[in-house]
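**Q** A single structure is presented below for examination.
The values are calculated or read from the model by the stated rules, or taken from the named source; none is laboratory data. Predicted, not measured: the structure shown is a model, and the values here were computed from it. Neighbour counts run over all protein chains shown; Cβ positions are idealised from the backbone, glycine included. For accessibility, only protein heavy atoms count, side chains too; no ligands or nucleic acids. Shrake-Rupley method; radii C 1.70, N 1.55, O 1.52, S 1.80 Å.
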Amino acid sequence: MTEALFLADLHTPQVGDTVTVGGDEGRHAAAVRRIRVGETILVADGAGTGVRGEVVAVDKASVTLEVAEVLTQADAPIRYHAVQALAKGDRAELAVEMLTELGIDRIIPWQSSRSVVKWTHEREERQLGRWRSTAREATKQSRRLRVPIVTSAMTTRELVELIPTMAATFILHEGAERTLRHFELPEVGDVLIIIGPEGGLSGDEIAAFEQAGARQLLVSDGVLRTSTAGVVALAQLQAFQRRVSQPK
C-alpha cells in the first residue's frame, strides 16, 4: 500500500533528521488517519521536496518521523497551466481536483461572460480558499510533491495579455477542427489550456484569444462538461509530450 502523504514545511532535510508534522495537518494525521509509531509515511513541502521515513512519535496533534530518504521532483521542461471558467455547483472544484491529480502546475480561475457563477470580492476570497484546499487535498491523494498554484481570478483582458507569454495556448472547443496531432508541440516552456463554462465560450472571447495567439483544439467527439474537458486535454497533452520528448 502506498504511504500516506502529508504537507509540512521542510528546511533542507537530511537522512537521519526528524521531521514533525503539526497544526491541522498533524492533528489530521494523528486523530483522523490514526498514524501510529512504526508506520512509514511521506511528508512534502508542496514545492517539490519530500521525505520518506518511519514514524517515531505520535501525540494528539502531531506526528514525527525519522528521515530515511529525501525525495525531489525535478522541474519539468513543460509547465501546464489551466484557465478554468467559473462553474456552478461543485463542477469547478471537481476540475481542480482532477487537474491536480494529473499534475497541473497552475490553475487560473476565469470569470467568463457565460459563467453562471459570479465572484464578488468577498466571495472570491472564500472560493479561492476552497479551490486551494481542494488542490492541497488532491496533491496528497495523488502522492505528488508539488501543490499547484491557484491564482486570483483573471479577466478576459488579463488572459489576452497572458497568452503571448506562453509557448502554446489551446482553446478547448467542440467546434474545433484540429486535434493535437495537427499541432507541433513545444519541447520546453509553458502550455496554457482554456476551459469554458457550462454555457460555452462566446464568439468574442474566442476571437480575442485567437488574435492573441491561441488556437482552438478538439479533444473529444462529444461535448464534455467543464469539469472534465481540461482533464482530458491535459492527459492528451502529457501523452503527446512524452512522445515528442522521446529520443529519436
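**Q** With charges set only on the Cβ (+1 for Lys and Arg, -1 for Asp and Glu), what does the dipole of the stretch 51-165 come to about its Cα centre, in debye to the nearest 20?
**A** It works out to roughly 400 debye.
**Q** Compute the Rg to Rh ratio over the stretch 120-174 from the alpha carbon atoms, using the Kirkwood formula for Rh, and round to two decimal places.
**A** Reported Rg/Rh, Kirkwood definition of Rh: 1.05.
**Q** If you count only protein heavy atoms with a 1.4 Å probe, what accessible area per residue comes out for the stretch 1-122, rounded to a whole Å²? Working shown, then result.
**A** On the way: 6090 Å² over 122 residues.
Using a 1.4 Å probe on heavy atoms only, each residue of the stretch 1-122 averages 50 Å².
**Q** Let me ask you something else. log10 I(q)/I(0), Debye, Cα-only the chain, no solvent, q = 0.10, 0.16, 0.17 Å⁻¹?
**A** Here log10 of I(q) over I(0) equals -0.55, -1.10, -1.18.
**Q** Still on this structure, please answer the following. What distance in nm separates the simple spin-label points at T2 and F240, each placed 7 Å from Cα in the Cβ direction?
**A** The answer from the label model is 2.6 nm.
**Q** If you don't mind, another one. Quick one: which of 176-184, 156-164 comes out on top by average Cβ neighbours within 10 Å, and what's the full order, highest first?
**A** The packing order, highest mean first, is 156-164, 176-184.
**Q** Let me know the charge dipole size of the stretch 153-200 about its Cα centre in debye, to the nearest 20, where only the beta-carbon of Lys, Arg (+1) and Asp, Glu (-1) is charged.
**A** It works out to roughly 60 debye.
**Q** Roughly how tilted is helix 226-245, in degrees to the nearest 10 and between 0 and 90, from the longest Cα axis of the chain?
**A** That helix lies at roughly 80 degrees to the long axis.
**Q** Still on this structure, please answer the following. How much of the accessible area of the stretch 132-248, in percent, comes from carbon and sulfur atoms when a 1.4 Å probe is used?
**A** Roughly 49 percent, rounded to a whole number.
**Q** Ok, one more. Nearest 10 degrees, 0 to 90: what angle lies between the long axis of helix 203-212 and the longest principal axis of the chain (Cα atoms)?
**A** So the inclination is approximately 80 degrees.
**Q** Where nothing but the Cβ of Lys and Arg (+1) and of Asp and Glu (-1) is charged, how large is the charge dipole of the stretch 3-108 around its Cα centre, in debye to the nearest 20? Can you show the working numbers first?
**A** Numbers: 10 positive and 17 negative charges, 70 e Å.
Dipole about the Cα centre, nearest 20: 340 debye.
**Q** What fraction, in whole percent, of alpha-carbon pairs in the stretch 134-245 exceed 17 Å separation?
**A** Percentage above 17 Å: 59.
**Q** Once you have the alpha carbon radius of gyration of the stretch 86-155, what is it after dividing by 2.2 N^0.38 Å, with N set to its residue count?
**A** Relative to the rule-of-thumb radius for its length, the stretch 86-155 sits at 1.07.
**Q** Okay, next question. With a 1.4 Å probe and all protein chains left in place, how much accessible area per residue does the stretch 205-244 have, in Å²?
**A** 48 Å²
**Q** Now for a separate question. Stretch V223-A208 to full length: gain in nm at 0.36 nm per residue minus the Cα-Cα span?
**A** Fully extending the segment from V223 to A208 adds 3.2 nm.
**Q** What number do you get for the stretch 49-113 when its Cα radius of gyration is normalised by 2.2 N^0.38 Å, N = residues?
**A** 1.67
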